[in-house]
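Peer 1: One structure, as structure tokens, below. Some questions next.
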Amino acid sequence: MSTGTVRVRTSAPAARIYEALTTAEGLQTWLAEHAHVDLEGGQFEFWGRYTPEGERGRQKLLSYDDTSVRYSWQLYGTEYTVELGIEQRDGETVIAATQTPYPSWGIGDEKSEILQTFWPLVLANLVEHVEGRPAFGFCDFTTAEQRFETDIAATPAAIIDALTDPDVFARWFGARIEIEPHVGGRWTMGSLEENPNPAKIIALDEGHFALDFQEGMVASWELKGSEGRTHLTFVQSGFDAGSPPYGAWMGWLSGFADMKRMLELPNWRPMWHSYDIPGLPDGVLVLE
């Protein structure tokens, strides 16, 4: 049975991380709308609109110790085992989310994409929380609207550069892109040579960047700057409202969390430490 692990690095102390992983108050800041935790009583639950299939009663506590919590999660007709834990690797504090089974890279169906992108987004929220910053954002699984707004302490030009310069993009997103940086140009994650249907750039100036994907979905970044700060509005549109692409949405949002950190924090390092994902091709991810 396949197992996948997503790891993020943080400067926060282990005690603060453990509290965030094992209390209802902590979980409600970075993971879920609602939570109930009583480790000694054998209870570890989270539910609500930020959780896929968000009814209560889908998790059961399996075990815990002073660095981790392990539970089962009934989701999409499958029982998953998840462990959230604190690790020390090469002098760094690392938070790991390990899930079994874990969908192989490139399967492409929406449920698999949700399972692959849910953990990066909520772990990004966790890093922000334990380091004393507000959680970046959530995916609302109760609505088909996909619109997100945030303020970033950087100019619109710096954000456009982060979105369109392949070297800068790789640092905060952790993946390679190839781009023809002009309206009408092609854009793809990975290689244009290997992608027969890349996205098309339909807007590119200091205030707007937009991509039209071949299946009809449009991703749009609108930027309004003032006094060195920028209000970013990110919208996905053009999809079947009966089957919203939540997986792609969470993938973008998890990346934006570290883009914001890159542009705002001195001595920034990417939060992404490592991904052990079944079927992941060599060279797709670029992790420092």
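Peer 1: Which residue pairs have Cβ atoms closer than 8 Å, lie 6 or more positions apart in sequence or on different chains, and pair a first residue in segment 137-163 that is over 18 Å from residue 222 (Cβ atoms) with a second residue that is buried (at least 19 other Cβ atoms within 10 Å of the Cβ) and among the hydroxyl-bearing types (Ser, Thr, Tyr)?
Peer 2: That search, which allows pairs on different chains as well, returns 138/50; 139/50; 139/246; 140/50; 141/50; 141/51; 141/246.
Peer 1: Filter segment 245-288 down to residues that are small (Gly, Ala, Ser) and part of a loop (DSSP other than H, G, I, E, B) and give me whichever is modelled with the highest pLDDT. Before the answer, list the steps.
Peer 2: Initial filter on segment 245-288 (small (Gly, Ala, Ser)): 247-248, 251, 254-255, 257, 274, 279, 283.
Next cut, part of a loop (DSSP other than H, G, I, E, B) only: 279, 283.
Details: 279: 84, 283: 72.
Once the filter is applied, the top-ranked residue is 279.
Peer 1: In addition: Only one of (1) surrounded by fewer than 21 Cβ atoms within 10 Å (Cβ to Cβ); (2) within 18 Å of residue 109 (Cα to Cα); (3) under 17 Å from the mean Cα position of the chain (by Cα) fails for residue 243. Which number is that?
Peer 2: With respect to (1) surrounded by fewer than 21 Cβ atoms within 10 Å (Cβ to Cβ); (2) within 18 Å of residue 109 (Cα to Cα); (3) under 17 Å from the mean Cα position of the chain (by Cα), residue 243 is out only on (3).
Peer 1: I've got another one for you. Which strands (runs of 3 or more DSSP E) does segment 49-161 wholly contain that include 3 or more residues that are more than 26 Å from residue 284 (Cα to Cα)? Break it down into steps so the answer makes sense when it comes.
Peer 2: Working: elements: 59-64, 68-75, 78-89, 92-100, 147-152.
Output list reads 59-64, 68-75, 78-89, 147-152.
Peer 1: In addition: Hey, which of the strands (runs of 3 or more DSSP E) in segment 1-48, taking only ones fully inside, have at least 3 residues that are more than 18 Å from the chain's Cα centre (by Cα)? Outline the logic, then answer.
Peer 2: Details: elements: 4-10, 34-38, 43-47.
Correct list: 34-38, 43-47.
Peer 1: Is it fair to say residue 128 is of a type in the set (Asp, Glu), out of contact with any Ser or Thr (no Cβ under 8 Å at 6 or more places or on another chain) and not assigned by TED's automatic domain parsing to the domain that holds residue 215? Working first, answer last.
Peer 2: Working: of a type in the set (Asp, Glu): yes; out of contact with any Ser or Thr (no Cβ under 8 Å at 6 or more places or on another chain): yes; not assigned by TED's automatic domain parsing to the domain that holds residue 215: yes.
For residue 128, the condition - of a type in the set (Asp, Glu), out of contact with any Ser or Thr (no Cβ under 8 Å at 6 or more places or on another chain) and not assigned by TED's automatic domain parsing to the domain that holds residue 215 - is met.
Peer 1: Between 221, 272, which is within 18 Å of residue 152 (Cβ to Cβ), surrounded by 20 or more Cβ atoms within 10 Å (Cβ to Cβ) and in contact with a helix residue (DSSP H, G or I) (Cβ under 9 Å, 6 or more places away or on another chain)? Before you say what the answer is, go through the steps one by one.
Peer 2: Working: 272 fails: within 18 Å of residue 152 (Cβ to Cβ).
When all the criteria are applied, what remains is 221.
Peer 1: For segment 82-99, name all the residues that are over 18 Å from residue 124 (Cβ atoms) and touching a residue at least 24 places away in the same chain (Cβ under 8 Å). Don't jump to the end; show me each part of the working.
Peer 2: Initial filter on segment 82-99 (over 18 Å from residue 124 (Cβ atoms)): 83, 88-91.
The answer is 89, and nothing else.
Peer 1: Right, another one. Under 8 Å between Cβ atoms, which residue pairs at least 6 apart in sequence (or on different chains) link something in segment 54-67 that is farther than 20 Å from residue 17 by Cβ and outside the structural domain of residue 38 (by TED's automatic domain parsing) with a partner that is of a type in the set (A, V, I, L, M) and not in a loop (DSSP other than H, G, I, E, B)?
Peer 2: Sorted first by the residue in segment 54-67, then by its partner, the list stays empty.
Peer 1: Filter segment 78-104 down to residues that are surrounded by fewer than 17 Cβ atoms within 10 Å (Cβ to Cβ) and modelled with pLDDT under 95 and give me whichever is nearest to residue 5 (Cα to Cα). Break it down into steps so the answer makes sense when it comes.
Peer 2: As a first pass, look at segment 78-104 and keep what is surrounded by fewer than 17 Cβ atoms within 10 Å (Cβ to Cβ): 78-79, 81, 87-92, 100-101, 104.
Checking which are modelled with pLDDT under 95 leaves us with 88-92, 104.
Values: 88: 15, 89: 14, 90: 18, 91: 19, 92: 17, 104: 12 Å.
That would be 104.
The values are calculated or read from the model by the stated rules, or taken from the named source; none is laboratory data. Since the structure is predicted, the reported quantities are computational estimates derived from the model, not experimental observations. Cβ atoms come from the backbone with ideal geometry, glycine included; neighbour counts cover every protein chain shown.
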